[in-house]
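Trainee: This is the structure, below, for whatever I ask next.
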Amino acid sequence: MLELRTISGVTGVMGCLMALVMFFQRRSYPPSIHGLGHWTAAPLVAFASALLFTLRGMVPELLSLGLANALMFAGAALFLAGTYRFFEQPLSARAQALLWGIGLLILLFMRFFTGPYGWRVLFMGLLLGGVGAWHARIISRQPMQSFATRFTAIVLALSSTIILARAFSAPFMSPQEGLFTPSPMQVVYLLGLAFGTLLTSIGTVLMASEHLRQELERLVTRDSLTGALTRRALFTTGEAELARSRRQGRPLSVLMLDLDHFKQVNDQHGHVVGDRVLVDFVARAHAVLRRPAVLGRYGGEEFVALLPDTDAAQALAVAERIRASTCADPELPCCHVSIGVATARSQESLDALINRADAGLYQAKAQGRNQVVQQLAT
């Protein structure tokens with residue numbers, strides 16, 4: 001009896017400690033990472049639930065049974081809601097109504113049901129196991145999988161399996177059995193709750209840390225205004241693509257793009273409008289480019305597009321589509337683009353390739369702008 005109560009108490013302490021970790025983590029993370037508030041509250045609620053369960057027989061049953069089960073469900077629901085917010089996938093009103101409606105019905109059933117204890121365990125287990133399985137499914141279906149997401153999904157799936165196994169075995173329990181009656185199933189269940197709470201919290205910490213790392217990488221590799229690659233990231237990617245094209249004998253082309261009369265846009269409309277024009281242009285270019293092509297900001301209003309597996313004729317067609325594209329925002333001043341095109345020669349360096357594309361760009365400018373000039377290999 002004491003050992004099982006101790007396990008229950010340890011479950012709560014683990015939840016409380018992980019909530020403390022998440023609280024300080026949340027304070028140091030940028031507001032762009034969502035869901036940390038829910039993930040902080042969930043183990044605290046689990047702590048309160050475990051504490052009330054541990055005090056069963058010492059406090060009124062309304063607290064040690066009714067409120068404790070309600071808090072356990074609320075903790076699972078908060079974890080789930082936090083994950084939805086973390087992945088920026090809003091939980092629909094219908095899904096929320098279904099979740100809380102079913103939860104309320106089962107909690108009311110347990111409050112007023114006077115039949116065997118095993119049937120109450122069955123319905124509560126189905127509720128908690130279902131929420132856990134739902135939670136695991138949401139994480140496992142994310143397009144960008146990593147160690148953190150796989151770890152958390154596996155922990156949730158295993159915890160749900162343990163809860164559901166206990167739920168389906170509950171109707172066959174002896175009428176004298178209770179939460180702290182020593183039995184293999186009860187020990188597995190309570191240990192599963194303890195380690196499930198701890199490992200799920202660790203999983204959320206790992207996912208948040210990974211998200212922060214990705215945010216920092218994005219800040220280093222992406223231009224803060226347009227979202228195009230920074231010049232440094234552009235050259236790093238370009239060197240890798242050039243090496244790959246040599247190994248595989250595949251073509252690599254480069255576009256050098258410059259917005260025509262962009263200074264006049266800034267002078268006549270202000271830098272705020274000029275920034276919007278740059279953002280609009282990058283969106284136009286990205287709409288034309290297809291992976292593995294990438295676009296980088298070379299400096300000011302100049303951009304470079306890397307086109308792997310693209311020969312001279314294909315690169316010229318891509319450049320013409322970009323040049324012919326129009327502003328997505330009709331309120332912005334029209335800003336045409338001049339483009340130089342070059343395709344890599346054998347053993348040509350990236351600098352030399354970009355310089356040839358740049359020469360084509362200056363030729364396009366000299367010939368009247370708003371056109372494409374291709375520097376053919378000789």
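Trainee: Of all the accessible heavy-atom surface of the chain, with the other protein chains kept in place and a 1.4 Å probe, what percent is carbon and sulfur?
Mentor: Details: 12020 of 18980 Å².
Answer for the chain: carbon and sulfur cover 63 percent of the accessible area.
Trainee: What is the range 189-312 by shape, rounded, prolate or oblate, if you read a ≥ b ≥ c off the alpha carbon gyration tensor as root eigenvalues and call it rounded for a/c under 1.5, prolate for a/b larger than b/c, and oblate otherwise? The partial results should precede the final answer.
Mentor: Values: a/c = 3.58, a/b = 1.63, b/c = 2.19.
Note, shape of the range 189-312 comes out oblate.
Trainee: For the range 102-114, take each phi angle, set θ = phi - 60°, evaluate the Karplus expression 6.51 cos²θ - 1.76 cosθ + 1.60, and give the result in whole Hz per residue in order, putting x for glycine and proline.
Mentor: For the range 102-114, the Karplus-derived couplings read 5, x, 5, 4, 5, 5, 5, 4, 5, 5, 10, 6, 10 Hz, x marking Gly and Pro.
Trainee: Shifting gears a bit: What's the ranking of 33-44, 359-370 by average number of surrounding C-beta atoms within 10 Å, highest first? Could the numbers behind the result be given before it?
Mentor: On the way: 33-44: 21.8, 359-370: 16.2.
So the order, starting with the most tightly packed, is 33-44, 359-370.
Trainee: Also, quick follow-up: For a quick check: with amide H placed at 1.01 Å from N, whose amide H comes under 5 Å from VAL337's, ignoring anything fewer than 5 positions away on the same chain?
Mentor: When sequence neighbours closer than 5 places are left aside, the close amide H contacts are ASP260, ASN370.
Trainee: Separate question: What's the angle, to the nearest 10 degrees (0 to 90), between helix 68-86's Cα axis and the longest principal axis of the chain?
Mentor: Result, in degrees: 0.
Trainee: R0 = 25 Å: FRET efficiency of ARG321 with ARG222, Cβ-based, nearest 0.05? Write out the running numbers ahead of the final one.
Mentor: Numbers: r = 23 Å, r/R0 = 0.94.
According to the calculation, E is roughly 0.60.
Trainee: Taking the Cβ-Cβ separation of CYS334 and ARG290 as r and a Förster radius of 25 Å, what is the calculated FRET efficiency to the nearest 0.05?
Mentor: Values: r = 25 Å, r/R0 = 1.01.
Approximately 0.50, to the nearest 0.05.
Trainee: Could you provide, to the nearest whole Å², the per residue accessible area of the chain with probe 1.4 Å?
Mentor: Values: 18980 Å² over 378 residues.
Heavy-atom accessible area per residue stands at 50 Å².
Trainee: Take the alpha carbon gyration tensor of the range 192-265, find the square roots of its eigenvalues, order them as a ≥ b ≥ c, and report rounded if a/c is under 1.5; if not, report prolate when a/b exceeds b/c, else oblate. Kindly include the intermediate steps, with their values, before the conclusion.
Mentor: Working: a/c = 5.16, a/b = 1.86, b/c = 2.78.
Oblate, because a/c is 1.5 or more while a/b does not exceed b/c.
Trainee: Take GLN248 and ARG141, extend 7 Å from each Cα along the Cα→Cβ direction, and tell me the distance between the two endpoints in nm.
Mentor: Here the answer is 3.2 nm between the modelled labels.
Trainee: Another question, then. Angle check, please: helix 231-248 long axis (alpha carbons) against the longest principal axis of the chain (alpha carbons), in degrees 0 to 90, nearest 10.
Mentor: 80
Trainee: Starting from the amide H of GLN374, placed 1.01 Å from N in the peptide plane, find each other amide H under 5 Å away whose residue is 5 or more places distant or on another chain.
Mentor: VAL341
Trainee: Collect residues whose amide H, placed 1.01 Å from N in the peptide plane, falls under 5 Å from the amide H of ALA228; neighbours closer than 5 in sequence don't count.
Mentor: Long-range HN contacts for ALA228: ASP223.
Trainee: Hey, of [x] 1.42; [y] 1.00; [z] 1.07, which did the structure itself give for Cα Rg over 2.2 N^0.38 Å when calculated?
Mentor: Read-out from the structure maps to [x].
Trainee: Excluding SER325 itself, calculate the net charge of residues whose Cβ lies under 12 Å from the Cβ of SER325, where each Lys or Arg counts +1 and each Asp or Glu counts -1. Don't skip to the end; give the middle numbers.
Mentor: Values: positive: ARG284, ARG321, ARG323; negative: ASP280, GLU320.
Summing Lys/Arg as +1 and Asp/Glu as -1 gives +1.
Trainee: Still on this structure: So what J values fall out for the range 327-341 if you push phi through Karplus, 6.51 cos²θ - 1.76 cosθ + 1.60 with θ = phi - 60°, rounded to Hz, Gly and Pro as x?
Mentor: 4, 6, 9, x, 7, 7, x, 5, 10, 6, 9, 9, 9, x, 10
Trainee: Here's a follow-up. For the chain, what does the helix formula give at 222 nm: sum of -39500 (n - 2.57) over DSSP H segments with n ≥ 4, over the residue count, nearest 500 deg cm²/dmol? The partial results should precede the final answer.
Mentor: Numbers: 12 runs with 244 residues, N = 378.
So the helix-based figure for the chain works out to -22500 deg cm²/dmol.
Trainee: Still on this structure: Quick one: helix 350-366 against the long Cα principal axis of the chain, what's the angle to the nearest 10°, folded into 0 to 90?
Mentor: The answer is roughly 60 degrees.
Trainee: With a/c under 1.5 counting as rounded, go ahead and sort the range 54-110 into rounded, prolate or oblate using the C-alpha gyration tensor (a ≥ b ≥ c being the square roots of the eigenvalues; past the cut-off, prolate if a/b is larger than b/c, else oblate).
Mentor: On the way: a/c = 6.02, a/b = 2.00, b/c = 3.01.
In terms of gyration-tensor shape, oblate.
Trainee: What FRET efficiency comes out for the pair TYR362/ARG231, r = Cβ-Cβ distance, R0 = 30 Å, nearest 0.05?
Mentor: Working: r = 19 Å, r/R0 = 0.63.
Approximately 0.95, to the nearest 0.05.
The values are calculated or read from the model by the stated rules, or taken from the named source; none is laboratory data. Being a predicted model, the structure only gives us computed values, none of them experimental. Here Cβ is always computed from backbone atoms with ideal geometry, including for glycine, and neighbour counts include all displayed protein chains. Please note that ligands, DNA and RNA were not included when accessible areas were found on the heavy atoms of the full protein model with its side chains. Shrake-Rupley method; radii C 1.70, N 1.55, O 1.52, S 1.80 Å.
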